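Report on the structure given below.
The values are calculated or read from the model by the stated rules, or taken from the named source; none is laboratory data. Nothing here was measured: the structure is a model prediction, and the numbers come from that model. Here Cβ is always computed from backbone atoms with ideal geometry, including for glycine, and neighbour counts include all displayed protein chains.
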Amino acid sequence: MSATSIAAIRARRVWDSRGRPTVEAEVELAGGAKGRAIAPAGASRGSREAVDLRDGGTRFGGHDVMAACEHVRSTMAQALRGRDALDQGAVDAAIVALDGTPNKAKLGGNATVAVSMAVAHAAAAAMRVPLWKYLAGSGEVSLPLPEVQIFGGGAHAGRRVDVQDFMVMPVGAWTFGDAIAIVAEVYRAAGELMQEAGLLAGVADEGGFWPAFRSNEEALTSLVRAIERAGLQPGADVAISLDLAASEFGASGRYTLSLDGRELDRDAWSAMLVDWIDRYPIVSVEDPFSEDDRVAWIRFGEAVGSRVQIIGDDYLTTSAAEVDRAAFDQACNAVLIKPNQAGTLTEAHAALDAARRHAFGTIVSARSGETEDVTIAHLAVGWNAGQLKVGSFARGERMAKWNEVLRIEEVLGANAPFAGVGALPIRRRGGVLGKPPGP
Ligand code: PGA
Ligand code: ZN
């Protein structure tokens, strides 16, 4: 046993931002170093992602995680005891082998991701360096361009609007700190606009304003107005980014926009998106089609892939193999990296590596169900991902991540490279990204 050998693994049930149970794992090494991490939970999930093990039954709506916690304490603790925490690849390979299913169904993705992340925290603690530094090793680091929700929708807002995330990206910012300050002004301005319009009705699951709009497009016009009201130029200072999460309202090439009272085939829906891209300063579009609509993804990639970032989230589920397939199809040019979709850090990193080989944009992302755990802030910096998505600019579980990156920025000091607009896999034309808003 060396000082960095895993000596003990504990688990406890803690609670997430939706008040649901989730798994916290704590890893202790022989030399005394400790690491701790909490599994997040998604609401709009891809069918191929690692599944959370939930107890079912009536307690806590079936969401309890006592079985997953028990897997951590017994099977996983036993199998991993004595392994070197510095060898994350071997630890995660042992977890994958122990589970033996393609989607972590046996141990639970919530159990595996909590342990995998806690092992990394313990290793960093043993090395006496912050996690981002441990993850980077001798590689480059960067502070990410933030992607921040202003209006929440879809599965995170009782389907009040169909589109899930109306977000902004402060593409004109030169530092992470500036980027966050710009977002703060836009978020504030959006809140004032909602209040004046009599539409202020609290916030959705990720802290974005509750979308009391008459149409999906009204959220877009409101976003442009919020950017302008904050004294900023849409497209030049702040651009728009959408997560359609289209598997939530589309399947088999048909898309139902309940709020707009329209049912569209894949071509009509695609044309509507392209029209939005033409008329609004949109630089990034996530999950524009359902995960089963490969032909729509390919056509859309061909049509607008050179001018907007097209992110696969539910479509790629943080899988290296899916990233390779989408690159071959030219269906996307970016991937969302959610560690709990893969189930271990090593598998999530493999998806990031695959994306890099294809010159994809990479966005480390939180889930809609989050906690005070800030591991993803460290992943975004230490893995040099370039972009970070953690929801909106309100609620503690969201702000914990933004604030953690600010602390890392301070540690990096003058050497802090900010990924900025260069993190987007598209070219900037005439100083303005996307098109300025039309009449
Ligand atoms: P989820 O939403 O965590 O509910 O899946 C986040 C996203 O779709 O990006
Ligand atoms: Zn998404």
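Points worth noting:
- Taking the criterion of being in contact with a helix residue (DSSP H, G or I) (Cβ under 7 Å, 6 or more places away or on another chain) and assigned to a strand (DSSP E or B), the residues of the range 383-429 that qualify are 386, 387, 388, 418.
- Picking from residues in the range 363-372 that are buried (at least 24 other Cβ atoms within 10 Å of the Cβ) and over 16 Å from residue 314 (Cβ atoms), the one that is farthest from ligand 1 (Cβ to nearest atom) is 364.
- Qualifying residue in the range 265-275 (condition: within 17 Å of residue 334 (Cβ to Cβ), in contact with a Cys (Cβ under 8 Å, 6 or more places away or on another chain) and either free of Cβ contacts under 8 Å to residues at least 40 places away in the same chain or not assigned by TED's automatic domain parsing to the domain that holds residue 188 (or both)): no
To keep it simple, each residue is scored yes or no on (1) in the same structural domain as residue 284 (by TED's automatic domain parsing); (2) crowded, with 24+ Cβ neighbours inside 10 Å.
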{"site": "140", "(1), (2)": "no, no"}
{"site": "151", "(1), (2)": "yes, yes"}
{"site": "159", "(1), (2)": "yes, no"}
{"site": "167", "(1), (2)": "yes, yes"}
{"site": "175", "(1), (2)": "yes, no"}
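- Residue check, residue 64 within 26 Å of residue 206 (Cα to Cα), among the charged types (D, E, K, R) and away from ligand 1 (no atom under 16 Å from the Cβ): yes
- Here residue 346 fulfils each of the conditions (1) polar (S, T, N, Q); (2) within 16 Å of ligand 2 (Cβ to nearest atom); (3) surrounded by fewer than 24 Cβ atoms within 10 Å (Cβ to Cβ) apart from (2).
- Within the range 366-384, one or more residues are on the phi > 0 side of the Ramachandran plot and either at pLDDT below 95 or over 14 Å from the mean Cα position of the chain (by Cα) (or both).
- Residue within the range 330-351 that is in the same structural domain as residue 243 (by TED's automatic domain parsing) and without any contact (Cβ under 8 Å) to a residue 12 or more places away in the chain present: no
- Residue within the range 303-310 that is surrounded by fewer than 24 Cβ atoms within 10 Å (Cβ to Cβ) and either aromatic (Phe, Trp, Tyr) or assigned to a helix (DSSP H, G or I) (or both) present: yes
- Qualifying residue in the range 227-249 (condition: over 26 Å from residue 385 (Cβ atoms) and among the β-branched types (Val, Ile, Thr)): no
- The lone exception for residue 48 - which of (1) within 16 Å of ligand 2 (Cβ to nearest atom); (2) over 19 Å from residue 346 (Cα atoms); (3) at pLDDT 95 or above it fails: (2)
- Filter result for residue 217 (in the same structural domain as residue 384 (by TED's automatic domain parsing), assigned to a helix (DSSP H, G or I) and touching a residue at least 40 places away in the same chain (Cβ under 8 Å)): yes
- Here is the figure for the range 320-342: residues that are closer than 18 Å to residue 389 by Cα and either of a type in the set (S, T, N, Q) or surrounded by fewer than 20 Cβ atoms within 10 Å (Cβ to Cβ) (or both) total 3.
- Search result, residues across the range 26-57 that are under 15 Å from residue 108 (Cβ atoms) and within 21 Å of the chain's Cα centre (by Cα): 37, 38, 39, 40, 41, 42, 45, 49, 50, 51, 52, 53
- The one condition in (1) in contact with a strand residue (DSSP E or B) (Cβ under 6 Å, 6 or more places away or on another chain); (2) within 30 Å of residue 402 (Cβ to Cβ); (3) away from ligand 1 (no atom under 16 Å from the Cβ) that residue 269 fails to fulfil: (2)
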